[in-house]
Amino acid sequence: MHFKLIIAFVEDDKTDLVLETARKNGAKGATVINNARGEGLKQSKTFFGLTLETQRDVLMFLVEEHLSRHILETIAAVAEFDSAPGTGIAFQIDVEDAIGVTRQVEELTQELEDKI
């Protein structure tokens, strides 16, 4: 079984929505890193040296490769990545090998066999 790693940078108020959407579309779990900071095309505004920006969370999903594109597109839609600037980004990368996912593989194998 091959996996992809989906990494999404989302506004913290959309974290739960993105997690729920990913799970409904096949993700079996996620790792969340809170309070990340970043910049897009425009630099963040400051006020007396304090940065005026919303906090971001980094979400990481290890998903089966056949499910990855659909999950990526659905979380991008609910988080409005393409419809509003500065709302976040998501991308996927290939995973060469993964350890500690035996139970996930068993469940995914059963689900994929049921669909076929």
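The values are calculated or read from the model by the stated rules, or taken from the named source; none is laboratory data. Everything numeric here is computed off the predicted structure, so don't read it as measured data. When we count neighbours, we look across all protein chains shown, and the Cβ atoms used for this are built from the backbone with ideal geometry, even at glycine.
May I ask you to verify whether LEU17 is touching a Phe, Trp or Tyr at 6+ places or on another chain (Cβ under 9 Å) and modelled with pLDDT of 95 or more? Here the answer is no, as LEU17 does not meet what is asked. Just so you know, in the stretch 96-110 the residues that are surrounded by fewer than 15 Cβ atoms within 10 Å (Cβ to Cβ) and in contact (Cβ under 8 Å) with a residue 40 or more places away in the chain include one that is farthest from ALA22 (Cα to Cα), and it is ALA98. Look at the stretch 1-22: where a residue is on the phi > 0 side of the Ramachandran plot, no partner that is surrounded by fewer than 22 Cβ atoms within 10 Å (Cβ to Cβ) and modelled with pLDDT of 95 or more sits 6+ places away or on another chain with Cβ atoms under 6 Å. With respect to the conditions (1) modelled with pLDDT of 75 or more; (2) within 22 Å of THR15 (Cβ to Cβ), GLY100 lacks only one, and its number is (2). Scanning the stretch 26-74 for residues being modelled with pLDDT of 95 or more, touching a strand residue (DSSP E or B) at 6+ places or on another chain (Cβ under 6 Å) and farther than 24 Å from GLY100 by Cβ gives a total of 0. Could you tell me how many of the residues in the stretch 3-13 are basic (Lys, Arg) and under 12 Å from ASN34 (Cα atoms)? Total satisfying the criteria: 0. Only a single item in (1) touching a helix residue (DSSP H, G or I) at 6+ places or on another chain (Cβ under 9 Å); (2) more than 26 Å from ALA36 (Cα to Cα); (3) among the charged types (D, E, K, R) is not met by GLU80, and it is number (2).
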